[in-house]
Amino acid sequence: MNFDPRLTNRSFTSVGTRPIRPDGIDKVTGRARYGADFNMAGQLVGRVLRSPHAHAVIRGIDTAKAEALPGVKAVITAADLPDLTNGDGALYDILDNCIARKKALYDGHAVAAVAAIDARTARQALKLIEVDYEVLPHVTDVDEAFQHGAPLINEAIFTEGLEEKPVKPSNVHKRTQYGHGDIHKGFSEADFVIERSFRTEQTHQGYIEPHACVASVSSDGMAELWVCTQGPFVYRQHCAQLLGMEASKLRVTSSEIGGGFGGKTHVWAEPVALALSRKAGRPVKLVMTRDEVFRASGPTSATSIDIKIGARKDGTITAAEATLRYSCGPYAGMWAEVGAMTAFACYRLDNVRTVGFEVLVNRPKTAAYRAPSAPMAAFAVESTIDELAGKVGMDAVDFRIKNAAQEGTRASYGPVYGPIGIGPTLEAVKNHPHMQAPLKKNQGRGMACGFWFNFGGQTCVDLNIGMDGSVSLAVGTVDVGGSRASLSLVAAEELGIDYAQVKAIVADTSSLGYNDMTDGSRGTFSSSMATISAARNAIKVLRERAAQMWDIPADDVVWEKGHALAKGEKYGNLSPLSLKEIAAQSGTTGGPIAGHSELVADGAGVSFATHICDIEVDPETGATRVLRYTVVQDAGKAVHPTYVEGQYQGGAAQGIGWALNEEYIYGKDGRLQNAGFLDYRIPVCSDLPMIDTQILEIPNPNHPYGIRGVGETSIVPPLAAIANAVSNAVGVRMTHIPMSPPRILAALEASTSAQKSESIFGKHDA
Amino acid sequence: MAGVAVSTTINGDHVEYLCQPDETLLEVLRDRLGLTGAKEGCGTGDCGACSVIVDNRLVCSCLVLGAEAEGRQVETIEGMAHGDRLHPLQQKFLEHAALQCGICTPGFLIAAKDLLAKNPDPTEEEIRFGLAGNLCRCTGYDKIVRAVQDAASVMRG
């Protein structure tokens, strides 16, 4: 299926082409400026002192020696960032995470910071700060933290969402539940029921650019922040609130961003840099080291998930249940809740229940990571679905097709779906040549589905037409992977002009109205909606100006292919006026021509993908190699197909790393043992094959061009697809991610010894 | 601490600077000379974002001392294009969209240039192993490999 004719018969001129991105030359010549590439006159170097303990009371901090060191211009502790959160618990957690107030809650938690004339002096100063810690018992494991009697991280946490408020505090911040129907009835109707428990370890987004900013607070209370962020407006809001400033006095400029994937949606050290600058009276540049990024920015949750699914002999799923425990770091989160919402979103279920538990642990605060919470839930569900298909005796794809959600299906998390892509991606996979390719010994094939909500949110753009007819498009969503190209294409499409005539930039927070972050796969979806709206507003002005130039009523002027046309035979002698010709006269026809748009981009269409992968396991070492990988995903309408493919490939690669190798490893002392790219190994070029993509276009009825977000869904299926492939290759169900060589070897050995004992006792598994 | 006087050649230009004995070449390039094209992704030689070529050898500039550049020829991303004429690798990275966020791109371009100088007609596997010292988190490497293959073909003529 390509473009669904029920929804649109629109043909496109610019949208769907593959031009070079406008920020490309700067990025291949080294000219593009990222977070750490910006400098100000007189700037100091900021450095952060971090707790070496997973859990400790901070009894006192003596900064006198550090302050006395020549070249040190400011030393701050929590006392320099007083609590201005006014009872806002979520904001208080952000503040406490930026700089610990009473307790250090994880290895790497910031406790103090310095600003000095150079990095060497700043490092020396950190060593002179004396912190008096009272070390407390800690807990870093999600299942251990969930148990009664585990060390308490926050004594004010009483589990929310229970029928009765518990009498004792615990590490479980909240219980949430989704679903409908009667699962007990559903399971009683099942001929086959599979119950399995799964675990996934904590991973990091692994963006190559560490967090970096330059903060400059002036004595008149005005401030500037240059920072790599996915959301300059949100950073402005949080920083201004934490520092007690008016938002309009803090101008935040987003630099080029060297990857974020959700990890740059939260402030980490930026309020600290601003507080240092305020105290020192000079600009402060603060760049995290890679070690700090791993220890003290926001990785994703570690999880522990129980799944139970039942089906009839004909392959109909009768009931499905999931219990999901997600680690949140030491602060409240809603990670398990999102997992509970997404777990069964691919399926048409009469009886379904999912329960999520948010679990506090002494690890860094969990942050969003590309379709946050969904990959782990999908791993557990799609593994169980595969096993159940086998029990029923159906092909894994056919079983999913039989149970796939459709238009009109009530999703397990509540809403009723419109036109969706799960069925078409499954059909495409069923017919894909990859599914027929032969496999050799020790090789296995797996497939899995994934879902993500997508998001719209607050958005605005300015579209200004210069007197030479060129178009400046100022957007407020940070460009994380080519959106300036895609939004320029959309502006060109709507105005009927060449792509090269449009130049898109990301505006700073003082130049444009509020925009939500680039998250939830919303960048191109929402800013294209605003761009179309702004272009239509500009076209209205262009028509009025043409009418004025012709001295005819504006209602008699239409806009086609970049030109104003006077409609009707009486105007037969009027030649069309191009955008350029109208713009050239703008100074005498009413001034500058522009279109603006401020909107909430409702109607982000949900997104589905199905992936296929082939792997080979070395039975001697347990090492797994990905041989072939195919992504099939619905884009609604692919604006710049090359960058859509890039999103599919990048998400798949991150998922492959997560499935096979990446994990946070904590020692018994509660310290992170692999805070570097050598020991936390993300996939390198020689680890991966080419990643094939197939873009389906099932238009989103809520967007004028049918666009859906495409950024996140591609990380959802790989964990399960690879687990299914490995399980098929080695004949053992893999239930613990990552499937590192020792885990695969252990599973193989357990299976071999189980087979031996079965043969001794003559057991046969039905 | 006394500075070390260094006289070197960077992108064909004679350059002199004073640096501290423990200062890396990456710090010198970025903080003293304003050549911020080389990026610090890790500071431990694991990510390749700071790749430069010193006397025809590909190195992580975070693992080289600034003082070690004395008398050598250093090539950085800023010297890759000739005026406004892009190197074929730069052009093919653009055409293939071999970058998303772009932070790893300077390092990949330098590493790919070094690879093709030593092996003008690499297989896909040779490209993959040749670039295995450079981390990219956005692309899954697919389009990077294709861009290098295409550039190699153009450069062979």
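The values are calculated or read from the model by the stated rules, or taken from the named source; none is laboratory data. Note that this is a predicted model, so its numbers are computed, not measured. With ideal geometry, Cβ positions are generated from the backbone for all residues, glycine too; neighbour counts draw on all protein chains shown. Heads up: the accessible areas ignore ligands, DNA and RNA and are worked out on the full protein's heavy atoms, side chains in. Shrake-Rupley method; radii C 1.70, N 1.55, O 1.52, S 1.80 Å.
Computed with a 1.4 Å probe over protein heavy atoms only, the accessible surface of chain B comes to 40 Å² per residue.
Take each residue of peptide A:552-560, count the partner chain Cβ atoms within 10 Å of its Cβ, and average: the result is 0. The local environment of residue A:85, defined by Cβ-Cβ distances under 12 Å, has a net charge of -3 under the rule Lys, Arg +1 and Asp, Glu -1. Between residue A:118 and residue A:20, the FRET efficiency from the beta-carbon distance, with R0 = 41 Å, is close to 0.55. In this structure, residue A:164 and residue A:67 have a Cβ-Cβ separation that, at R0 = 51 Å, corresponds to a calculated FRET efficiency of about 0.50.
Name the residues of region B:134-152, by number, that are at least 40 Å² less accessible with every protein chain in place than in the isolated chain; the surface is that of heavy atoms, probe 1.4 Å, without ligands or nucleic acids. Residues of region B:134-152 that lose at least 40 Å² of accessible area once the other chains are added: B:135, B:137, B:138, B:140, B:141, B:142, B:143. Helices in the protein assembly as shown, meaning DSSP H runs of at least 4 residues, each add -39500 (n - 2.57). Divided by all residues, the mean residue ellipticity at 222 nm is -8500 deg cm²/dmol. The loop-placed trypsin sites (Lys or Arg not before Pro) in region A:592-683, going by DSSP, that have at most 13 neighbouring Cβ atoms within 10 Å of their Cβ come out as A:668. Rounded, prolate or oblate: which fits the protein assembly as shown when a ≥ b ≥ c are the square roots of the eigenvalues of the alpha-carbon gyration tensor, with rounded for a/c under 1.5 and prolate only if a/b beats b/c? Rounded, because the longest to shortest axis ratio a/c is under 1.5. Of all complete DSSP H helices in chain A, those with a Cα span along the helix axis of 20 Å or greater and a mean Kyte-Doolittle hydropathy of -1.0 or more are A:374-392, A:523-550, A:641-660, A:741-761. Identify the chymotrypsin sites (Phe, Trp or Tyr not before Pro) of region A:640-736 meeting these criteria: DSSP loop state and at most 13 other C-beta atoms within 10 Å of the C-beta. Here no loop site has a sparse enough neighbourhood. Label-point separation (nm) for residue B:154 and residue B:18, each offset 7 Å from Cα along Cα-to-Cβ? In this crude spin-label approximation the distance works out to 4.4 nm. Restricting attention to the protein assembly as shown, close to 75% of DSSP beta bridges with both partner residues there are antiparallel. I want to check the label-to-label distance for residue B:126 and residue A:218. Put each point 7 Å from Cα in the C-beta direction and report it in nm to one decimal. Inter-label distance under the simple model: 5.8 nm. DSSP beta bridges fully contained in region A:308-462 are about 40 percent antiparallel. Residue by residue along A:679-692, Cβ atoms of other protein chains within 10 Å of the local Cβ number 6 on average. Within the accessible area of the protein assembly as shown, the carbon and sulfur atoms contribute 49%, probe 1.4 Å, all protein chains present.
Summarising the label geometry, the points placed 7 Å from Cα in the beta-carbon direction at residue A:154 and residue A:127 lie 3.6 nm from one another. Please find the FRET efficiency linking residue A:753 to residue A:430, where r is the Cβ-Cβ separation and R0 is fixed at 41 Å, and quote it to the nearest 0.05. Plugging the Cβ-Cβ distance into 1/(1 + (r/R0)^6) gives 0.65. In chain A, excluding the sites themselves, the longest stretch lacking any of the GluC sites (Glu not before Pro) that are in a DSSP loop with at most 12 other Cβ atoms within 10 Å is A:408-619. Counting, for every residue in B:92-98, the Cβ atoms of other protein chains within 10 Å of its Cβ and taking the mean gives 5.
The A-B contact accounts for roughly 4000 square angstrom of buried accessible surface, both chains included, probe 1.4 angstrom. Label region A:578-623 by shape, choosing from rounded, prolate and oblate, from the square roots a ≥ b ≥ c of the eigenvalues of the Cα gyration tensor; if a/c is under 1.5 it is rounded, and otherwise prolate applies when a/b is larger than b/c, oblate when it is not. Prolate shape, in that a/c is at least 1.5 and a/b is the bigger ratio. Where the centre of each part is set by its Cα atoms, how far does region A:534-575 sit from region A:210-224, in angstrom? If we compute the Cα centre of each part, the gap is 47 Å. Considering only alpha-carbon pairs that sit under 8 angstrom and 6 or more positions apart, the relative contact order computed for region A:458-600 is 35 percent.
For A:123, A:196, the ranking by accessible surface with the largest value first comes to A:123, A:196, using a 1.4 Å probe. Separation of region A:418-479 and region B:87-148, taken as the distance between their Cα centroids, equals 24 angstrom.
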